[in-house]
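J.: Quick one: the structure is below, questions incoming.
The values are calculated or read from the model by the stated rules, or taken from the named source; none is laboratory data. Note that the coordinates shown come from a computational prediction; the quantities given were computed from them, not determined experimentally. Positions of Cβ are generated from backbone atoms using ideal geometry, with glycine treated the same way; all protein chains shown enter the neighbour counts. Only protein heavy atoms, including side chains, enter the accessible area calculation; ligands, DNA and RNA are left aside. Shrake-Rupley method; radii C 1.70, N 1.55, O 1.52, S 1.80 Å.
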Amino acid sequence: MGSTLLWVTTVSRLLLAGVLIVAGWGKIGTPVLSVQAVKAYELLPYSLATVVGYGLPILEIVLGVLLIVGLLTRVAGAISALLMLAFVIGIASAWARGLRIDCGCFGGGGPLKAGVEPNYLFDIVRDFGFFVLGVLIAWFAPGRFALDSALGLVPGQEPYDGIEGDEEEPHEKENH
């Protein structure tokens, strides 16, 4: 993998991790609001929406931590991508059905107050960008500074490959 791609994957991993941790952290302290946000989408049965509302912040934080340390990077990237795609679909569905809700992406959520307009297009474009990062991570994982590499969990890559220096050391010519 080229040096530039290693850095792109690493930056993508850290950006997506940061977003997931901030989003999860914003919800974990107020799980009732997280449940309210999930229910506001009117997509899941009441009991399942409750489970998702309580579990989502934990999932986001766990995925974020895995991405930061670069452990199980492809799996974390793929699950993150699927999660972001679910968010895009949920927000688009709310918009198409004329619901006026806060996406609840970083805490809060539920019906909007009178006079407040939803910003669905921004939310969809943002989450689609995070979906692309998740796909990139899943496809090209793990990048630099990843435990996957240090533990030898990347097929065809020696531990610490790509962590120190950008280029392979030149091989000495043999004298015949």
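J.: Are any residues in the stretch 103-126 open to solvent by less than 60 Å² (accessible area, probe 1.4 Å) and modelled with pLDDT under 95, and if so, which ones?
T.: Of everything in the stretch 103-126, those that are open to solvent by less than 60 Å² (accessible area, probe 1.4 Å) and modelled with pLDDT under 95 turn out to be CYS103, GLY104, CYS105, GLY107, GLY108, GLY109, GLY110, LEU112, PRO118.
J.: Please identify the pairs in which a residue from the stretch 91-115 that is more than 13 Å from ALA23 (Cβ to Cβ) has its Cβ atom under 8 Å from the Cβ atom of a residue that is crowded, with 16+ Cβ neighbours inside 10 Å and basic (Lys, Arg), counting only partners at least 6 apart or on another chain.
T.: What qualifies is GLY110/LYS39.
J.: Still on this structure, I have one more. Any chance you could count how many residues in the stretch 1-42 are among the charged types (D, E, K, R) and within 27 Å of LEU72 (Cα to Cα)?
T.: Number of matching residues: 2.
J.: If only one of GLY77, GLY64, GLY70, GLY53 is without any contact (Cβ under 8 Å) to a residue 40 or more places away in the chain and open to solvent by less than 20 Å² (accessible area, probe 1.4 Å), which one is it?
T.: Going through GLY77, GLY64, GLY70, GLY53 in turn, just one is without any contact (Cβ under 8 Å) to a residue 40 or more places away in the chain and open to solvent by less than 20 Å² (accessible area, probe 1.4 Å): GLY53.
J.: Same structure again: Can you tell me which residue in the stretch 1-42 is least open to solvent (accessible area, probe 1.4 Å), limited to those that are basic (Lys, Arg) and under 16 Å from GLY53 (Cα atoms)? Even if it seems obvious, please write down each step before you answer.
T.: Narrowing the stretch 1-42 to residues basic (Lys, Arg): 13, 27, 39.
Now drop any that are not under 16 Å from GLY53 (Cα atoms), which leaves 27, 39.
Working: LYS27: 9, LYS39: 60 Å².
Filtering the stretch 1-42 for residues that are basic (Lys, Arg) and under 16 Å from GLY53 (Cα atoms), the one least open to solvent (accessible area, probe 1.4 Å) comes out as LYS27.
J.: Just wondering, is there one or more residues in the stretch 136-148 that are under 21 Å from TRP7 (Cα atoms), surrounded by fewer than 17 Cβ atoms within 10 Å (Cβ to Cβ) and at pLDDT 90 or above?
T.: Yes; the residues of the stretch 136-148 include at least one that is under 21 Å from TRP7 (Cα atoms), surrounded by fewer than 17 Cβ atoms within 10 Å (Cβ to Cβ) and at pLDDT 90 or above.
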